[in-house]
1. Per the 1.4 Å probe, what fraction of the accessible area of region 331-462, in percent, lies on carbon and sulfur atoms?
2. Using a 1.4 Å probe on the protein chains only, how many percent of the accessible area of region 155-236 belongs to carbon and sulfur?
3. Note down the nm distance, to one decimal, between modelled labels 7 Å out along Cα→Cβ at Thr211 and at Glu243.
4. Assigning unit charges at the beta carbon (Lys, Arg +1; Asp, Glu -1) and nothing else, what dipole magnitude in debye, to the nearest 20, does region 177-222 show about its Cα centre?
5. Given the pairs Lys371/Lys564; Lys112/Lys449; Lys248/Lys448, which span a C-alpha to C-alpha distance of over 29 angstrom in this model?
6. If you roll a 1.4 Å probe over the heavy atoms of the protein chains, what accessible area per residue do you get for region 170-271, in Å²?
7. 5 Å is the cut-off here: which amide hydrogens, built 1.01 Å from N in the peptide plane, fall below it relative to Gly272, excluding neighbours closer than 5 in sequence?
8. Residue separation times 0.36 nm, minus the C-alpha to C-alpha distance between Gln537 and Gln174: what's the value?
Amino acid sequence: MKTRGAGHNPRYPNGPHKQNQHNFVRNCLEMSFSRHTSGQFGANSIKNFFREIMIIPFKFTSLEENIVKIELPKIKPQRLPMPRLAGVTLMAALVTACNDNGSSNTPDKESKIIPASELTGVWEQRGYGQIIEFGDSTVTVYQSNRDNCLLTAELPLAMADQLLKEVSLSGDGQRFDTLPQRIPTDTHPYTRHKLPQLPESCRDGLQAPTTDYQANYEVFWHTFNDYYAFFDLRGVNWAQTNENSRSKLSEVNDDQALFNLFKEMLSSLDDGHINLIKEDEEFSPEESPAWVRRLYAYFNEQNSDETLREDFEAQSEYDDFSAFYESRLLAFYNEINDKNTQNLIDYLNEVDCIANDQICYGLIDLDATGKSVGYLLIESMLGYGEDEDAPFETHFQALQAALDNAINALYNTDALIIDVRRNNGGYDSSAMEIAGRFTQQRQLAFSKKAHYPNGYANSHEVFLAPTGALQYTKPIYLLVSGSTYSGAEIFSLTMRSLPHVVLVGEPTGGILSDSLDFQLPNGWEFSLSNEVYSSPQGEVFEYSGVPPQYEALYMQPEDVYAGKDSGIEKALSLLE
């Protein structure tokens, strides 16, 4: 399952996104999808939307951490991670929220549909480190790697029917698939394979909680070693990391020291779907996108250290230079963001925002050209209903209704600009529903495979199909940036294959994989990227990002101050 991307996530305030889309978990627990209110709005609401994303970053523990250390606030991807709860949550996450692990795309003619509670025995989801044992009255969930196994939940057997509904059991009884039509967040089946018995490491394995530093280290290192898919792509020698870090383990004498050691091990990975969480701290090694780094460089060019020091000495509000510096940087950040937002508003005749303000649409003012160009802003791949606690189906229906309205209003335009430059991600099912409004034929969208010890599980193909009553197939210009994350990247990857769609902007964030959640014996949680997404042509855009056909630098300060939106300007220049 995948969950990529926008709305504040209570477990990962700094991210992620497209987490092995633990979409179903969110649905079962009716968790919060979004912070925004719904309704029609104009300039003020657009300003509030952009200000919120920019100035209330997902990872913003302190200004000193994010700015003084030469780092502006980060816009982080939203992957729906496994919530920090036990019982139902853990079962849902481990049983249903991960991607396909080796199932065939060919249906088993001898398979039968049964309630999940009728399953018996031990089942493994390959490539995800998860083993489930169905007993007479309970379901026991384990996380495992080649070195160790951790019991994470034991639940009543009846809970399986609440979470998995019904499943398709193969004719030989050795495999079962979840049914996407029963679980609305899923875009394809998820497969489990039967094991002859519970592995010995699980029978004699770890049980939380344990604060033994060695035991926690072993789970941490071996889990990344077995399931993280991108060490080579990101230029990290994990075996060497183990050698360097293991030698420091003898110096660890408290929890903070262990947490710091883990942070050091992860620091070079630059992956927004990696998260490390303990009770009072969380960490992700992802770097800020290029446009944020450009803003920082511009600020430094315009404000020399000497000038800032003189201004500091001339004021009385701040006693500490670092606090003064961060206030000036943040003021610049707010100023240019507000100007950028106003520039966007100035291009539009009017804007309607619906679906909890996650979908906005309008017309670009081109009276002099005689052409009619529509504009569609997609803020997120989740959170479309007014009620944060509503089930997924309610939010999905709100998305469908919003798309109906938007496509009806924009259908007669000559071309359409779709803006996902600040879309942090969300559900793949939402991304595919939206993309389906722009095609009239079924076609391969992408394929995906999970990293497995010594290789990969079988690849699984996902297809795009038309959705809604109307499909817009005139020229489309899709605006992307380094803050197009996760589920929004899956949307971009899918749209990229449509013949009438052109991508404009900068490479996306480069975190297409879902993020897979694990637990340490001491109760800390961490996530990693275990899936490789490929285009229909076999291209992999993890780390590099989905590339645009035409470059347009997002929020280039010189353009912003000149009243221009480079993405819109480039798209308009491409109109025939």
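1. 41 percent
2. The nonpolar share, carbon plus sulfur, comes to 47 percent.
3. 3.4 nm
4. Using Cβ point charges on Lys, Arg, Asp and Glu, region 177-222 gives about 260 debye.
5. Lys248/Lys448
6. 46 Å²
7. none
8. Working: separation 363, 0.36 × 363 = 130.68 nm, distance 3.26 nm.
Value of the extension gain: 127.4 nm.
The values are calculated or read from the model by the stated rules, or taken from the named source; none is laboratory data. On a predicted model such as this, the values are computed, not experimentally measured, just so you know. Note that each Cβ is placed from the backbone with ideal geometry, even for glycine, and that neighbours are counted across all protein chains shown. For accessibility, only protein heavy atoms count, side chains too; no ligands or nucleic acids. Shrake-Rupley method; radii C 1.70, N 1.55, O 1.52, S 1.80 Å.
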